[in-house]
1. If you check VAL260 against the conditions, is it buried (at least 20 other Cβ atoms within 10 Å of the Cβ), under 18 Å from GLY338 (Cα atoms), touching a helix residue (DSSP H, G or I) at 6+ places or on another chain (Cβ under 6 Å) and not small (Gly, Ala, Ser)?
2. Give the stretch 357-380 a look and list any residue that's of a type in the set (S, T, N, Q) and assigned to a strand (DSSP E or B), or say none.
3. Within the group GLY178, GLY153, GLY169, which residue is farther than 23 Å from GLY200 by Cβ and modelled with pLDDT of 95 or more?
4. Would you mind finding the one in ILE308, ILE300 that is in a helix (DSSP H, G or I), touching a strand residue (DSSP E or B) at 6+ places or on another chain (Cβ under 9 Å) and farther than 30 Å from GLU256 by Cα?
5. How many residues, within the stretch 280-291, are in contact (Cβ under 8 Å) with a residue 12 or more places away in the chain and in a loop (DSSP other than H, G, I, E, B)?
6. Among (1) touching a Lys or Arg at 6+ places or on another chain (Cβ under 8 Å); (2) among the small types (Gly, Ala, Ser); (3) part of a helix (DSSP H, G or I), there is one condition GLY70 misses while meeting the rest; what is its number?
7. Looking only at the stretch 266-282, which residues are crowded, with 21+ Cβ neighbours inside 10 Å and in contact with a strand residue (DSSP E or B) (Cβ under 7 Å, 6 or more places away or on another chain)?
8. Give me the pairs, please: first residue somewhere in the stretch 113-126 and of a type in the set (Lys, Arg), second residue anywhere and open to solvent by 80 Å² or more (accessible area, probe 1.4 Å), beta-carbon distance under 7 Å, and either six or more positions apart or on two chains.
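The values are calculated or read from the model by the stated rules, or taken from the named source; none is laboratory data. Note that the structure is a prediction, hence the values are computed from the model and not measured. Glycine also receives a Cβ, built like all others from the backbone with ideal geometry; neighbour counts cover every protein chain displayed. All accessible areas refer to the heavy atoms of the entire protein, side chains included, with ligands and DNA or RNA removed. Shrake-Rupley method; radii C 1.70, N 1.55, O 1.52, S 1.80 Å.
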Amino acid sequence: MSLLIGIEGTVERSAARITLTAKETAITASNRPQADSPGAPQVSPGAAEVSPGAAAVQPARTVGELGEFGLIALVNAGRTHTPGVLLGPGDDAAVIAAPEGRFVVTTDMLVQDRHFRTDWSSPMDIGRKAIAQNAADVVAMGAVPSGFVVGLGCPSETPVEFVRELADGMWAEAGRAGASIAGGDMVRSPMLIISVTAFGDPRRAPIRLSGARPGDVVAVAGKLGWSGAGLAVLSAGADHAYAGADDPHAGELVEEFADVVAAHRVPQPPYHAVLDLPDTAEITALTDVSDGLLADLGHIAESSGVAIDLDTATLAAPELEAVGKALGVNPLDWILAGGEDHAFAATFADSGDLPEGWVRIGQVRPGSGVTVDGTPRTGLGGWESFS
């Protein structure tokens, strides 16, 4: 037998073996394993399943047609949570593990046409990027990501498939970071807005910005300048004669430099360069490179009351030379101020070889500010939200 359930002006069709929780925006199947069953993995609520003989329902094409509850059920269908999420969607709030009796938490927001463009990035790309930039902040504190909570605002005419792929991207990157998505909220808004809150399990004392000391080595793990180069390629491809809409070679610029474009669309934080640091590694300060190397090292210098000097000879990136030549840009500009690479920059006690995956790029000295080859750098210094 079928049931009709009316909630907040929407009508959802459900099979008899599907129940809708009274307070939570999720549909749960009664025959799914429960989180508190012995040995049963925690599986997120699935979308409504139609019992044999039930009338066929035309699939919804937009989120407005599907409705809030149906959309949440859709993006949660079949998801299995990692151990950090003790209780996912289905109740008033999620439960996140805190084995150390404390947790790291951070939040970040992405706004359409400010932080991403839907004509430049796929829904999968946008979802992965939203999680990656939050996971990188958690790891930059020396913590292991344990769970994410996502707030999504979108127009009612947004295609259901767009949201499905967006969620797939979020889950893919959450899995890469070793965590899962515990829940969130969905609302109608005039544009696409994504807000992510990330939780982390601290496995060591928090690695703060304020611990750098004169004599420390400045090092980086991950790629620098690639995201900035990819953004420059996409921007040039939008109106460059080389890739104009009426040009027979349209899109050639983006295709030629697909590697940097991919790095902009989906950053790849090297999580394990931090999470796998040996106990003997004397790391004194750490940050992820989100606003640009100069800007983020500037935060370490200011918080620690020290000066940092970078050696450009160690920052050379041959892979960016061809991109710079094609666009008439010095690749060093992207490396120093491009932002959104989500590499990790740190200071280590100068006590020998750096841990695997880390490259020395400078030195911590007495004083203040960040210099490049001993000289203050003029021009762009990195991302600033309100500039």
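1. For VAL260, the condition - buried (at least 20 other Cβ atoms within 10 Å of the Cβ), under 18 Å from GLY338 (Cα atoms), touching a helix residue (DSSP H, G or I) at 6+ places or on another chain (Cβ under 6 Å) and not small (Gly, Ala, Ser) - is met.
2. Residues of the stretch 357-380 of a type in the set (S, T, N, Q): 363, 368, 371, 375, 378.
Across the stretch 357-380, the qualifying residues are GLN363, THR371, THR375.
3. Exactly one of GLY178, GLY153, GLY169 is farther than 23 Å from GLY200 by Cβ and modelled with pLDDT of 95 or more, namely GLY153.
4. Values: ILE308 fails: in a helix (DSSP H, G or I).
Being in a helix (DSSP H, G or I), touching a strand residue (DSSP E or B) at 6+ places or on another chain (Cβ under 9 Å) and farther than 30 Å from GLU256 by Cα holds for just one of ILE308, ILE300, which is ILE300.
5. 4
6. (1)
7. PRO269, VAL274, LEU277
8. none
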